[in-house]
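Taking it in order: structure first as structure tokens, then the write-up.
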Amino acid sequence: MDSTLSLQPTIFIIFGGTGDLNSRKLAPALYNLYLDGFLPQQFTIIGTGRTKLTDEVFSEKLLEGINQFSRRGKADEAKWAEFSKHVAYQVSDINDFETYKEFGRRIDHYSKEWNAKPNVIYYLAVSPNFFPVIAENISKAKLGTDTERTRIVIEKPFGHDLESSKKLNALLGKIFDEKQIYRIDHYLGKETVQNIMAFRFANSILEPLWNRNYIQHVQISVTEQLGVGERGDYYDGAGALRDMIQNHLLQLLCLVAMESPVSFSADEVRNRKVDVLKAMRRFTPDDVRLSAVRGQYAKGWIEGKEVPGYREEGKVNPQSNTETFAAMKFFIDNWRWHGVPFYLRTGKRMHQSSSVIMIQFKDVPHYIFPTETAESWQQNRLIISIQPEMSIRLQVQAKRPGLNMVLNTVDMVFDYKGTYTNDAPEAYETLLLDTMLGDQTLFMRGDQVEAAWDLLMPVLNTWQSKTSLSFPNYSADSWGPEAAEALIARDGFHWFSLPLNGKK
Ligand code: BG6
């Protein structure tokens, strides 16, 4: 373990213990933290759910998840045997107060056994409908009163719109201190996303260029080949705007656009991000028409496999008006960014799965070379590739070796694979460790979530009130609807994508 970290005895209570998130993300993350020595000596993971299971069967389920989803692959038998001694299960009805009394008894039991007051982390990996009842019961059972030692982790979606997020914040605020509330946006835990701040604020060469004088426009694109899969019931009530833009993409935008915080403390960083959200230009109904595009995927073929259209997916309304693609143009009205468009796009069943930020600089003020020398002239670009490729590349013009003066675009690349030998930790490892350490830098503060909802409400309201007559309007394995191309082409640009494995 890193000797500078002081980890307290900890009890994790995972609501939704038998669910998908626990098996895909939380259990592998906790196990990897354990292998890397980032769990305290004394810890217990209590999964809880409605299904009746013994501790053994529950830990077998976690093992299956780990074997399938851990970045390290199959668990080592001996290590797993040690780890699984720390796993327990409590069958529960989360509406029933008895459940919480039982948690209380278990917490007392471990406090005595460890002869220490443990940190207790309540992880709500359940549908948002249950957030209020769990929080209220924790309060009634007086299980959240120790503001230093108890924490509650809330998965997204945090609210469904501005009003519901305010209501949820108000409810949580009555029970917990803000410093106890950990609102997850898992993008913030990704290595490449954390690196945006390091890259911007630990290097002096960028700052003079990082503004409207040198940057022409910014693109943030998070595309997925996957469809909605098994999550049709959740997704049909959400859509791309709520599912991705309100949280992940706007957080990426904040990291690109924020001013330098005075320190790396959680509140300083989050204050600067809120400043960005507050400076973003609000949409009028006309802006929604001109600056926001929605799409829904039709059936098609992805990598040789036929895939259903969105309206044919399980648990989706066959006449659904829900968008599976969204592209938007934003402006940030402050001194640094005035007039610089930020284009965001996200969608499911797209041609490529990749998350990329592209910052395009302005052109040189005057060309000194004859036009025929420029073979593939292009303005300078900084490309921050978040996944699957993990890299930062700066595209510059250079002379091609030879007797003629020929200019073309070359990349100066920082590639994680080539630079580091260690596997990067998964986002959930970072986020769970930060929760144990009480560091909220990578978590959403209440006002941040509300500011993001506030910005998007005009678009959400317009899209909800006006059914799209063109849905489905893009086929699987495409780059989304034509209107999204038009949105950016009107300004003289086109969407950027990073060729992956030869795939453009
Ligand atoms: C989740 C969304 O927050 O992020 C999913 O609910 C989406 O719809 C996922 O697929 C994407 O995350 P990642 O880490 O795979 O890019």
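The values are calculated or read from the model by the stated rules, or taken from the named source; none is laboratory data. All of these numbers come straight from a predicted model, not from anything done at the bench. Neighbour counts are summed over all protein chains in view; Cβ atoms, including those assigned to glycine, are modelled from backbone coordinates with ideal geometry. Just so you know, the surface numbers come from the protein's heavy atoms only, side chains and all, with ligands and any DNA or RNA stripped out. Shrake-Rupley method; radii C 1.70, N 1.55, O 1.52, S 1.80 Å.
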**Asked** When the range 46-87 is examined, which residues are found to be of a type in the set (Phe, Trp, Tyr) and open to solvent by 50 Å² or more (accessible area, probe 1.4 Å)?
**Response** Phe69
**Request:** Check off (1) surrounded by 18 or more Cβ atoms within 10 Å (Cβ to Cβ); (2) away from the ligand (no atom under 16 Å from the Cβ); (3) not in a loop (DSSP other than H, G, I, E, B) for Leu143 and give me the number that stays unchecked.
**Result:** (3)
**Item:** Elements of type strands (runs of 3 or more DSSP E) contained in the range 321-388, each with 1 or more residues being farther than 17 Å from Leu456 by Cβ and either open to solvent by less than 10 Å² (accessible area, probe 1.4 Å) or charged (D, E, K, R) (or both)
**Value:** 354-361, 381-387
**Asked** Of all residues in the range 215-241, which are within 9 Å of the ligand (Cβ to nearest atom) and assigned to a helix (DSSP H, G or I)?
**Response** Gly229, Arg231, Tyr234, Tyr235, Ala240
**Item:** In the range 146-160, the residues that are crowded, with 18+ Cβ neighbours inside 10 Å and part of a loop (DSSP other than H, G, I, E, B)
**Value:** Arg149, Glu155, Lys156, Pro157, Phe158, Gly159
**Asked** For Arg212, all conditions in the list (1) closer than 24 Å to Lys278 by Cα; (2) open to solvent by 20 Å² or more (accessible area, probe 1.4 Å); (3) touching a Gly at 6+ places or on another chain (Cβ under 8 Å); (4) within 11 Å of the ligand (Cβ to nearest atom) hold save one; what is the number of the exception?
**Response** (4)
**Request:** Taking Asp267 as meeting all but one of (1) over 20 Å from the mean Cα position of the chain (by Cα); (2) in a helix (DSSP H, G or I), write down the number of the exception.
**Result:** (1)
**Prompt:** Just a yes or no: is a residue in the range 277-287 more than 16 Å from the ligand (Cβ to nearest atom), surrounded by fewer than 20 Cβ atoms within 10 Å (Cβ to Cβ) and under 21 Å from the mean Cα position of the chain (by Cα)?
**Reply:** yes
**Message:** Can you tell me which of (1) outside any helix (DSSP H, G or I); (2) in contact with a strand residue (DSSP E or B) (Cβ under 7 Å, 6 or more places away or on another chain); (3) not hydrophobic (A, V, I, L, M, F, W, C) is the one Asp439 doesn't meet?
**Reply:** (2)
